[in-house]
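Can you keep this structure in mind? I'll have questions shortly.
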Amino acid sequence: MTEPRYVYKRFERFWHWMQAFLILFLALTGFEIHGSYTLFGFEKAVFFHTRSALALLVLIVFAVFWHLTTGEWRQYLPTREKLVAQVRFYLFGMFKGEPHPYHKTELGKLNPLQRLTYLSLKLALIPLVVLTGLPYMYHRLPGSEGPIYRVPVDLNLVAFLHTVGAYALILFVIVHVYMTTTGATPLANLRAMITGYEDPEEETHG
């Protein structure tokens with residue numbers, strides 16, 4: 001019997017789960033700020049949303065530092081090798097019980113389609129949410145009569161783009177959770193992200 005291999009490092013797992021929690025909590029408080037429902041109350045929702053956003057920024061800084069110093073950034077380098085096979089597998093193959101075209105390793109944790117998806121998340125979607133959230137957050141300090149920066153900003157456009165980015169992040173999380181359940185067993189990929197170890201005999205699909 002093949003021994004489980006250590007794939008996900010401790011900080012990688014912490015960063016993954018903390019990022020997921022913060023994104024979901026930001027969505028929860030953000031929708032309340034938009035008036036979709038009442039849970040914490042508007043003022044507390046704004047407070048929690050702001051503090052969670054700052055926590056996410058700190059986490060992003062540490063994650064970027066970790067990726068650069070450990071060389072893990074290479075995991076996201078796009079490749080066309082087996083890309084078509086991976087797309088075909090997700091569309092048809094996994095529903096027919098076909099073997100996974102890509103086998104995960106410590107140096108290659110992401111299949112070609114995941115690389116493109118996560119690279120887009122890190123270079124486009126998260127920067128969109130952050131860069132639209134900051135000017136809205138710091139447009140005006142309590143007690144001040146004008147904005148704290150001189151560049152004119154259309155807050156309606158900023159809020160719209162921020163909301164679009166938020167919906168896209170939520171969609172990503174939903175799809176990500178679904179793909180997590182498509183392993184050899186519904187909990188196989190989830191267990192690997194908790195313990196860090198993955199059974200090489202399992203054909204992981206997510």
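Return the pairs, sorted by first residue and then second, in which the second residue is β-branched (Val, Ile, Thr), the first residue lies in segment 103-119 and is closer than 11 Å to residue 79 by Cβ, the beta carbons are less than 8 Å apart, and the residues are 6+ apart or on different chains.
From residues that are closer than 11 Å to residue 79 by Cβ, the pairs are 112/79; 113/87; 115/79.
Taking into account only those residues within segment 1-37 that are of a type in the set (Phe, Trp, Tyr), part of a helix (DSSP H, G or I) and open to solvent by 40 Å² or more (accessible area, probe 1.4 Å), which is farthest from residue 162 (Cα to Cα)? Steps first, answer last, please.
Within segment 1-37, the subset of a type in the set (Phe, Trp, Tyr) is 6, 8, 11, 14-15, 17, 21, 25, 31, 37.
Filter once more, so that each one left must be part of a helix (DSSP H, G or I): 11, 14-15, 17, 21, 25, 31.
Keeping just the survivors that are open to solvent by 40 Å² or more (accessible area, probe 1.4 Å) gives 11, 14, 17, 21, 25, 31.
Working: 11: 28, 14: 26, 17: 22, 21: 19, 25: 15, 31: 12 Å.
Ranking the candidates gives 11 first.
Got at least one residue in segment 15-35 being free of Cβ contacts under 8 Å to residues at least 24 places away in the same chain and farther than 22 Å from residue 171 by Cβ? Give the steps one after another, and end with the answer.
Here is the first cut: in segment 15-35, the residues free of Cβ contacts under 8 Å to residues at least 24 places away in the same chain are 21, 28-29, 31-33, 35.
So of that shortlist, the ones also farther than 22 Å from residue 171 by Cβ come out as none.
So far as segment 15-35 goes, no, none of its residues is free of Cβ contacts under 8 Å to residues at least 24 places away in the same chain and farther than 22 Å from residue 171 by Cβ.
Report yes if residue 43 is in contact (Cβ under 8 Å) with a residue 12 or more places away in the chain and acidic (Asp, Glu), otherwise no.
On the way: in contact (Cβ under 8 Å) with a residue 12 or more places away in the chain: no; acidic (Asp, Glu): yes.
No: the conditions fail for residue 43.
Name the helices (runs of 4 or more DSSP H) wholly within segment 73-141 that hold at least 3 residues that are more than 30 Å from residue 157 (Cα to Cα)? Reasoning before the result, please.
Values: elements: 83-91, 112-120, 126-137.
The qualifying helices (runs of 4 or more DSSP H) are 83-91, 112-120.
Considering only segment 38-60, state which residues are open to solvent by 40 Å² or more (accessible area, probe 1.4 Å) and not in a helix (DSSP H, G or I).
Answer for segment 38-60, where residues must be open to solvent by 40 Å² or more (accessible area, probe 1.4 Å) and not in a helix (DSSP H, G or I): 38, 39, 40.
Looking at (1) under 28 Å from residue 133 (Cβ atoms); (2) of a type outside the set (Val, Ile, Thr); (3) in contact with a Phe, Trp or Tyr (Cβ under 6 Å, 6 or more places away or on another chain); (4) modelled with pLDDT under 90, which is the one condition that is false for residue 101?
(1)
Output the residues belonging to segment 117-136 that are buried (at least 16 other Cβ atoms within 10 Å of the Cβ) and of a type in the set (Gly, Ala, Ser).
133
Residue pairs, Cβ under 7 Å, 6 or more apart or interchain, first in segment 79-99 and surrounded by 14 or more Cβ atoms within 10 Å (Cβ to Cβ), second among the β-branched types (Val, Ile, Thr) and not in a helix (DSSP H, G or I). List them.
From residues that are surrounded by 14 or more Cβ atoms within 10 Å (Cβ to Cβ), the pairs are 94/182.
Quick one: in segment 180-195, which of the residues that are touching a residue at least 40 places away in the same chain (Cβ under 8 Å) and closer than 15 Å to residue 111 by Cβ is most open to solvent (accessible area, probe 1.4 Å)?
182
Same structure again: Kindly provide the set of residues from segment 155-179 that are modelled with pLDDT under 80 and open to solvent by 90 Å² or more (accessible area, probe 1.4 Å), ordered by number.
First pass over segment 155-179, keeping only residues modelled with pLDDT under 80: 155.
Selection gives nothing.
The values are calculated or read from the model by the stated rules, or taken from the named source; none is laboratory data. None of these values were measured; they are calculated from a predicted model. Please note: Cβ atoms are built from the backbone with ideal geometry, for glycine as well, and neighbour counts cover all protein chains shown. These accessible areas exclude ligands, DNA and RNA; they are computed on the full protein's heavy atoms, side chains included. Shrake-Rupley method; radii C 1.70, N 1.55, O 1.52, S 1.80 Å.
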